[in-house]
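See below for the structure under consideration.
The values are calculated or read from the model by the stated rules, or taken from the named source; none is laboratory data. All of these numbers come straight from a predicted model, not from anything done at the bench. Here the Cβ positions follow ideal geometry from the backbone for every residue, glycine too, while neighbour counts run over all protein chains shown. The accessibility values were calculated without ligands, DNA or RNA, using every heavy atom of the protein model including side chains. Shrake-Rupley method; radii C 1.70, N 1.55, O 1.52, S 1.80 Å.
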Amino acid sequence: MQLGEKLRQARLEAGLSQRQLCGDVITRNMLSQIENGSARPSMDTLSYLAGQLGKTVSYFLEEQAVTSPNLEVMARSRAAYAQGDYEALKASLSGYQGPDEAFDQEYGLLQTLSLLTQAEQAIRDRRTAFARELLEQCKGQKSCYLLPELEQRRLLLWAQVSSEPVVLPPDDLPLLIRAEQAWKARDIQRCIALLEVCEDQTLPHWQLLRAEAAYAMQDYRCAARFFHGAEQEYPDICYSRLEQCYRAMENYKMAYEYACRQR
């Protein structure tokens, strides 16, 4: 029997309507989707429903449980990571048995975090060769949870231990945030200065901020050029600004065109 069917059966046995079981926690529509199998509840929702029905969560998951030899390994690994105990994490992950469809993705993430932390310590200890070995292992990890920030962290560490030039990804986000704050504070010169040191000046967000800075300085020709670079991503803002820029430049044909685009 599927989870949704078990929920429906337990609800009927308890003599509860969908509205009574939902209370103020979930909607009737969500419960209906869960019962007919078109949606799965979160663990918090399932815990609430089980409590209302006088059942344990395991009662509903019993036939859905995934058998895995890594249940204890991953439980210990999560606890070690939560405590920041990377030595314990390393030891726990060494007992992982793969492939395991249930945990491979999470294992890949935790193993990456473990290897990066070990590599950082190896660099501090001047164990360069060991750090390179760890970073090579890290490069081979696979997981859907590996964000670009982790690869950037790996490359920054690799640059410290490699004798070859390393192409590092641009780290422009903090600069863009500071530039936007400067623009909001009407500190236009600071905004421009921050934007000028960004590596990737093709980003629509960069183009928009640079355009707004030029517009604030009444440099309408420069502003129009940058607004054009951002108009595909930010049409609502750019069309209005471009109309005003072209009016200021007395290019009424283009001003009319962008006025029409706003309709």
Total charge dipole magnitude, the range 76-179, about the Cα centre, Cβ charges on Lys, Arg, Asp, Glu only, Debye to nearest 20: 280
With no solvent and one point on each alpha carbon, what is the Debye value of log10 I(q)/I(0) for the range 105-222 at q = 0.11, 0.20 Å⁻¹? -0.54, -0.95
Heavy-atom surface of the chain, accessible at 1.4 Å and reported per residue (Å²): 61
So for the chain, what are the equivalent ellipsoid semi-axes in whole Å, largest first, each being the square root of 5 times an eigenvalue of the Cα gyration tensor? 49, 36, 14
Per-residue ellipticity at 222 nm attributable to helices in the chain (runs of n ≥ 4 DSSP H, -39500 (n - 2.57) apiece, nearest 500 deg cm²/dmol) works out to -20500 deg cm²/dmol
Give the residue from 134, 220, 194 lying farthest towards the positive end of the charge dipole for the chain; charges sit on Cβ (+1 for Lys and Arg, -1 for Asp and Glu) and the dipole is referred to the Cα centre. 220
Distance in nm between pseudo-label sites at residue 142 and residue 121 (7 Å out along the Cβ direction from Cα): 2.9
Spin-label point model (7 Å from Cα, Cβ direction): what's the residue 30 to residue 187 distance in nm? 4.3
Compute the semi-axes of the equivalent ellipsoid of the range 201-240, taking the square root of 5 times each eigenvalue of the Cα gyration tensor, and list them largest first in whole Å. 14, 11, 7
Rounded to the nearest 20 debye, dipole of the chain from Cβ charges on Lys, Arg, Asp, Glu: 540
Length released on extending from residue 248 to residue 104, taking residue separation times 0.36 nm less the Cα-Cα span: 45.9 nm
With contacts defined as alpha carbon pairs under 8 Å and 6 or more residues apart, what's the relative contact order of the range 22-171 in percent? 14
Which order do you get for 38, 17 if you rank them by accessible area with a 1.4 Å probe, largest at the top? 38, 17
Quick one: length gained pulling residue 178 to residue 20 fully straight, 0.36 nm per residue minus the C-alpha distance? 51.8 nm
Suppose R0 equals 30 Å; then what is the FRET efficiency for residue 43 and residue 128 from their Cβ-Cβ distance, rounded to the nearest 0.05? 0.10
Using a Förster radius of 22 Å, what is the FRET efficiency between residue 217 and residue 171 based on their Cβ-Cβ separation? Nearest 0.05, please. 0.20
Per the rule of 0.36 nm per residue minus the C-alpha distance, extending residue 159 to residue 236 adds in nm 23.5 nm
For a distance above 15 Å, tell me the whole-number percent of Cα pairs in the range 1-54 that qualify. 37
Using only the alpha-carbon atoms, what does the range 162-263 span along each of its principal axes? Please give whole angstrom values in decreasing order. 58, 25, 19
Hey, in the GNM for the chain with a 10 angstrom Cα cutoff, which one of 57, 166, 197 fluctuates hardest? 57
Could you work out how far the C-alpha centroid of the range 65-105 sits from that of the range 117-142, in angstrom? 20
Would you work out which of 123, 262, 32 lies farthest towards the positive end of the dipole of the chain, given +1 charges on the beta-carbon of Lys and Arg and -1 on that of Asp and Glu, about the Cα centre? 262
GNM on the chain, Cα springs under 10 Å; top mean-square fluctuation among 16, 176, 89 goes to 16
In the range 49-196, with Lys and Arg counted as +1 and Asp and Glu as -1 at Cβ, which of these residues, 152, 61, 74, has the Cα nearest the positive end of the dipole, that is, farthest along it? 152
Using unit Cβ charges (K, R positive; D, E negative) and no other charged atoms, how large, in debye to the nearest 20, is the dipole of the range 1-66 about its Cα centre? 160
Report Rg(Cα)/(2.2 N^0.38 Å) for the range 53-134, keeping two decimals. 1.41
